[in-house]
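First up is the structure itself, then whatever we jot down about it.
The values are calculated or read from the model by the stated rules, or taken from the named source; none is laboratory data. These numbers come from a predicted model, not from an experiment. Please note: Cβ atoms are built from the backbone with ideal geometry, for glycine as well, and neighbour counts cover all protein chains shown. In case anyone asks, the SASA skips ligands and DNA or RNA and just uses the protein heavy atoms, side chains included. Shrake-Rupley method; radii C 1.70, N 1.55, O 1.52, S 1.80 Å.
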Amino acid sequence: GGGSQDNQAMIPLTTYAGIFGIRDLRISIQARSADVLSRAEDEVTLLMRRRHGLKPDEADDFFIFSNASTTEMFNNMSAAISAASFGVCLLSLLVGGIGILNIMLVAVTERTREIGIRKALGAKRYRILAQFALEAVVLSLVGGALGVGLGVGLSLLARWMIQLPTEVPLWSVAVSLAMSCGVGLAFGIYPAARAAKLDPVEAMRSE
């Protein structure tokens, strides 16, 4: 991201001053760490004013540019990307939840006779409810695990191909799996409750 390094030549500062003069001269200075950046800027300003012979009431005849503006722009861009990603994630969770809801409704319909037989044999409502709710959570958890695996794989691929220092923290994996379980439970509770409320006699008549 720093531009091409071709067609460039390095010459001594004295040679540059002899050919082009000292106007429009740019000097790159690096602080020891980000913590002392502000102090380094103050020290450079004081040194430049002393070298230029400026009096205390005279304005600077030079300009100091730091990476603060670039960092601020990058942070704003990252915040916008994060907000957009958050919206996409919410939409994905909604679409995935609706898919789980449809799958579980179909499962209840196809297993109506099985539910009737279990209830006729003495199965309580909460057991039927817990069974289908657990199936919805497991289904969502499997999808979440596949998504986490894909994300980790893409992170490792980016690190290998473009030498990007990517990292997948464990807390993000835990939050992703917890969100998957929550979506499965939220969208699977209605089909589970519907299965638990089935009348055993009517359910056993289902073909």
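Side notes on the structure shown:
- Percentage relative contact order, the stretch 98-203, counting C-alpha pairs under 8 Å, at least six apart: 54 percent
- Accessible solvent surface per residue of the stretch 1-91, calculated while the other protein chains remain in place, 1.4 angstrom probe, Å²: 94 Å²
- Principal-axis tilt of helix 125-161 within the chain, Cα atoms, nearest 10 degrees: 30 degrees
- Placing Asp24, Asp199, Asp42 in order of accessible area, with the largest value first and a 1.4 Å probe, yields Asp24, Asp42, Asp199.
- Residue-averaged [θ]222 nm for the chain, counting only DSSP H segments that reach four residues, each worth -39500 (n - 2.57): -24000 deg cm²/dmol
- Taking 0.36 nm per residue of separation and subtracting the current Cα-Cα distance, fully stretching the chain between Ser155 and Leu141 would add 3.0 nm.
- Spin-label model distance (nm) - Asp61 vs Val168, 7 Å beyond Cα toward Cβ: 5.9 nm
- Gln5/Ser85 FRET efficiency (R0 35 Å; Cβ-Cβ; nearest 0.05): 0.55
- Short-range pairs are left out: with C-alpha atoms under 8 Å and at least six residues apart, the relative contact order of the chain is 28 percent.
- Rounded tilt (10° steps) of 37-51 against the dominant C-alpha axis of the chain: 10 degrees
- Cα long-axis angle, helix 68-110 against the chain (0 to 90 degrees, to the nearest 10): 10 degrees
- Extended-chain gain in nm, criterion 0.36 nm per residue less alpha-carbon gap, Ala31 and Val175: 48.1 nm
- Once the chain from Asp24 to His52 is taken as fully extended at 0.36 nm per residue, the excess over their C-alpha distance is 8.7 nm.
- Geometric descriptor of the stretch 100-193, per residue, is 96 Å³ (volume of the convex hull of the Cα atoms).
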